[in-house]
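Chemist: Provided herewith is a single structure, encoded as structure tokens, for subsequent inquiry.
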Amino acid sequence: MTVPEKIAQNSFVVLQVGERRFAMEANIVAELAPPVRLHTFPHTSPLILGVIMRRGRMIPVYDADAVLTGQPSSAHAFYLIARRRFGKASELGAIPVNGECELATGNVQLPAAEQPEYVSGTLAIGEEALDILNLEALVTAQAPGVKETNQAETRS
């Protein structure tokens with residue numbers, strides 16, 4: 001069964017990061033994966049926690065907690081895997097989430113002027129107003145208290 005395009009465009013995945021709930025466009029979400037081994041390695045990207053292996057692919061895991069709550073990622077229940085788009089290319093990326101996710105529709109409002117760049121709007125579901133996350137802006141955002149690092153040093 002196919003979902004009508006209009007409904008698909010207005011569908012969102014509601015997720016929890018830390019103690020807050022957010023929304024993300026459903027059309028970019030690939031899957032909600034169970035917690036698997038996080039492979040860490042030396043790197044200079046402050047928001048990358050490491051990578052997970054999923055369906056034979058290496059998927060970077062981004063520390064959304066650091067940007068959204070100001071705290072480093074803590075215990076989580078799942079990885080939300082979504083497609084990042086940049087130009088004509090795309091790749092999968094994951095963020096740790098607490099609890100299960102749900103599919104929702106609601107009224108969408110443009111973001112307020114004072115919202116961070118990674119918030120692309122607000123989703124109203126009943127009495128609740130959730131920030132809609134822009135994954136590309138989220139994973140490139142500067143987390144509070146995290147120093148920006150330079151590229152890795154090349155040695156000869």
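Every number here is computed from the coordinates shown, using simple stated rules; none is lab data. These numbers were taken from a predicted model, which means no experiment stands behind them. Counting neighbours? That spans all protein chains shown, and the Cβs are built from the backbone with ideal geometry, glycine included.
Chemist: Return, for the Cα atoms of segment 24-85, the radius of gyration and Dmax in Å, separated by a comma.
Modeler: Just the Cα atoms of segment 24-85 yield Rg and Dmax of 11.9, 33 Å.
Chemist: As a footprinting exposure proxy, order Glu136, Glu102, Glu25, Glu114 by other Cβ within 10 Å, with the fewest listed first. Don't skip to the end; give the middle numbers.
Modeler: Working: Glu136 16, Glu102 13, Glu25 21, Glu114 6.
The most exposed by this proxy come first: Glu114, Glu102, Glu136, Glu25.
Chemist: I would also like to ask the following. Could you list Leu103, Leu138, Leu133 so that the one with the fewest beta carbons within 10 Å of its beta carbon is first and the one with the most is last?
Modeler: Ascending number of Cβ neighbours within 10 Å: Leu103, Leu138, Leu133.
Chemist: How big is the gap, in Å, between the Cα center of segment 83-98 and the Cα center of segment 104-141?
Modeler: A separation of 17 Å, based on Cα centres.
Chemist: Let me ask something additional. Show me the ranking of peptides 57-67, 122-132 by mean Cβ neighbours inside 10 Å, starting with the highest.
Modeler: Taking the mean over residues of other Cβ atoms within 10 Å, the ranking is 57-67, 122-132.
Chemist: I need the Debye-formula profile for segment 5-139: one equal scatterer per C-alpha, no solvent, reported as log10 I(q)/I(0) at q = 0.10, 0.16, 0.17, 0.22 1/Å, two decimals.
Modeler: -0.31, -0.81, -0.92, -1.52
Chemist: Highest first, please rank the peptides 68-77, 82-91 by the mean number of other Cβ atoms sitting within 10 Å of their residues.
Modeler: Put in order of decreasing packing, that is 68-77, 82-91.
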